[in-house]
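Chemist: The following block contains the structure, expressed as structure tokens.
The values are calculated or read from the model by the stated rules, or taken from the named source; none is laboratory data. Here the structure is a predicted model, which is why all the values come from computation and not from measurement. Heads up, the Cβs are rebuilt from the backbone with ideal geometry, glycines too, and the neighbour counts pull from every protein chain shown. For accessibility, only protein heavy atoms count, side chains too; no ligands or nucleic acids. Shrake-Rupley method; radii C 1.70, N 1.55, O 1.52, S 1.80 Å.
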Amino acid sequence: MTVSISSPGQKTHRSAEEIGRTEVGPRPLPELGSQKAAADLSTVDTVLPNGLRVIAIKRATVPMVELRLRVPFADPATSSEGSAHSAQAEILANTVLTGTATRSRVQIDTELALVGGELDSVVDPERLSFTGNALATGLGTVLDVLRDVLTSAAYPADELERERARLVERITLARSQPNVIAREALQKKLYGDHPYAKEMPEADEVAAVTRDEVVALHAKALLPRGSVFVIVGDVEPAEAVAQVGEALGAWQGEGEAVQLPPLPAVEGGDVLLVHRAGAVQSQIRLAAQAIPRTDERYPALQLANLVYGGFFSSRLVENIREDKGYTYSARSHPEFTIHGATLLIDADTASDVTAAALLETRYELARLGMVPPSESEVDVARRYAIGTLLTSTSSQGGLASFVVNLVALGLGIDWLVAHPQRLQAVTPEQVAAAALEFFAPGNFTGVLVGDAEQLKPKLAALGGVSFQ
């Protein structure tokens, strides 16, 4: 081995600036590569006799499989007021994998671990979701465990009591967090007592849930008809569907899983100031009605959103983060449900610049329509949109999650494969039209969480803010 020893005072490395320059000036940056279209995907999409829709996709990048089961799990009541569904659903999601008639929690975890696998479950106002993965050779084991959970979950009393206590603690802690306070206030303002507004039950509601209620909810609401199962990985799709059918065919139930009822339209209006005594930061949360991915204007709206606040080089971030330093993080993004979509804007600011940040946020909304995105801005946003889509769906897990969410919105693999071409076809004029239609400041409403004593004088002068 040869060791070089530099003489005293001799530089042993070059700085980044030196590397980026030559004797005649800066090195030119290489041209961006062309975006590659999504590869053709080998798929099977079918419905089992029990009503479960199964989509199998071959992606043999690694010898693994990813599983996603989406069960519509909405509250059958039209109002969240007085409903115990949210609390019961949370307990169910936290305990459904803790034991069955034939397996203990330890046995479930051990069997999954032996095939390099895992299973998890979460719930929200729309759905109960099971997420899993394993070595491709262990697919049968994971499916058998899932079958056992779906058909004979035992909800052991000691496990349920333990998880219920933990959930009460987590909810109590979460409700002290500014972001949770802001999200709950926004959902309440937008949707009132609609079940979608209740993303988290009250701690006392959870504490009151009994095992009998959870068992009854499982039997009544955890149903195959209307549910979707997606499997992605190193599998032959037809063979995978056959395995799923053999394993989950025993999962039966009367009726169909409950879909979320339609949401009321979001109407523009004042921002509501929600008092949080002593807060040194404020949470700005704005929302407006948008359009679903099925709308032909969606690609233009997607690019307009990116230009406004959808990524780091957006106008909003450049203004209130990079230029003025009002916030560390600001973003805008769409949020989809089975019935539609909203545009959301989030920013956290110090109390003394909250009014100024809200002013600049509204200013950038108006400017997006009055000073439309340039061809260069649209091109950068387009490259980012296509690149992130292809990147996020390049892994087995990313593709499985994306597809199961698409299917819930009435879309499928064809939409995913064709979307880069739709984005390529969008013109700056179409983006300008979307900006003018959807980003008008008057379209937005929302909430602002902070210390009212500090914020009210400037917000009152700014206008467009209501006070409790």
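Chemist: Mind giving me the nanometre distance, one decimal, between the label points for ALA216 and THR388, set 7 Å out from Cα along Cα→Cβ?
Modeler: Going by the 7 Å Cα→Cβ label model, 4.4 nm.
Chemist: How far, in nm, would the chain grow between ALA356 and PHE336 when pulled straight, counting 0.36 nm per residue and subtracting the alpha carbon separation?
Modeler: Separation in residues times 0.36 nm, less the Cα-Cα distance, equals 4.2 nm.
Chemist: Here's a follow-up. For the chain, what is the relative contact order in percent, using Cα pairs closer than 8 Å and at least 6 residues apart in sequence?
Modeler: It rounds to 21 percent for the chain.
Chemist: A follow-up question, please. With +1 on each Lys and Arg Cβ and -1 on each Asp and Glu Cβ, and nothing else charged, work out how big the dipole of the chain is about its Cα centre, in Debye to the nearest 20.
Modeler: The calculation lands at about 780 debye.
Chemist: Could you check the spin-label model distance between ALA366 and GLU256? Points 7 Å from the Cα along Cα→Cβ, value in nm.
Modeler: A separation of 4.7 nm, rounded to one decimal place.
Chemist: Identify which of the listed values of mean projected area of the Cα convex hull in nm² was calculated from the structure shown: (1) 22.3; (2) 18.3; (3) 30.1.
Modeler: Working out mean projected area of the Cα convex hull in nm² from the coordinates points to (3).
Chemist: Now a separate question. Amide H neighbours of GLY99 under 5 Å, at least 5 residues apart or on other chains, H built in the peptide plane: list them.
Modeler: Result for GLY99 returns ALA154, TYR155.
Chemist: Next question, about the same structure. Using a 1.4 Å probe and counting only protein heavy atoms, arrange VAL232, VAL122 so the residue with the most accessible area comes first.
Modeler: If we order VAL232, VAL122 from most to least accessible, we get VAL122, VAL232.
Chemist: How much solvent-accessible surface does LEU303 expose, in Å² to the nearest 10, with a 1.4 Å probe and all protein chains in place?
Modeler: Probe radius 1.4 Å; accessible area of LEU303 about 0 Å².
Chemist: So, one more: Non-local amide H neighbours of SER466 (under 5 Å, H modeled in plane, Pro and chain starts lacking H): which ones?
Modeler: VAL271, LEU272, LEU273
Chemist: Oh, and also: Karplus couplings for segment 402-417 from phi (6.51 cos²θ - 1.76 cosθ + 1.60, θ = phi - 60°), rounded to Hz, Gly and Pro as x?
Modeler: 5, 5, 5, 6, 4, 4, 4, 9, x, 10, x, 4, 4, 5, 4, 5
Chemist: Please report how far the C-alpha centroid of segment 447-468 lies from that of segment 313-384, rounded to the nearest whole angstrom.
Modeler: Segment 447-468 and segment 313-384 have Cα centres separated by 20 Å.
Chemist: Residue by residue through segment 335-345, which ³J(HN,Hα) values in whole Hz follow from phi under the Karplus form 6.51 cos²θ - 1.76 cosθ + 1.60 (θ = phi - 60°), with glycine and proline marked x?
Modeler: Couplings: 10, 10, 10, 5, 10, x, 7, 10, 9, 10, 10 Hz.
Chemist: Using a 1.4 Å probe, what is the accessible area per residue for the chain, in Å²?
Modeler: That works out to 47 Å² for each residue.
Chemist: Cα-Cα over 29 Å: which of LYS189/LYS456; LYS188/LYS324; LYS188/LYS458?
Modeler: LYS188/LYS324
Chemist: Residues with amide H under 5 Å of ASP193's amide H, sequence separation 5 or more or different chain, H placed in the peptide plane at 1.01 Å from N; which?
Modeler: Correct list: empty.
Chemist: With the contact rule set at Cα under 8 Å and sequence spacing of 6 or more, what percent relative contact order holds for segment 78-128?
Modeler: Worked out over segment 78-128, it gives 38 percent.
Chemist: Additional query: Among ASN133, LEU143, ALA208, whose Cα projects farthest towards the positive end of the dipole of the chain, with charges put on the beta-carbon of Lys, Arg (+1) and Asp, Glu (-1)?
Modeler: Going by the Cα projections, it comes out as ASN133.
Chemist: Using a 1.4 angstrom probe on heavy atoms only, work out the carbon and sulfur share of the accessible area of the chain in %.
Modeler: 54
Chemist: Between GLN424 and ASP323, take the C-beta separation as r, use R0 = 45 Å, and let me know the FRET efficiency to the nearest 0.05.
Modeler: E(calc), rounded to 0.05, equals 0.90.
Chemist: Okay, moving on. Output wanted: per-residue J couplings in Hz (rounded whole) for segment 95-103, from phi through Karplus 6.51 cos²θ - 1.76 cosθ + 1.60, θ = phi - 60°, x for Gly and Pro.
Modeler: 10, 5, 9, 9, x, 10, 5, 10, 9
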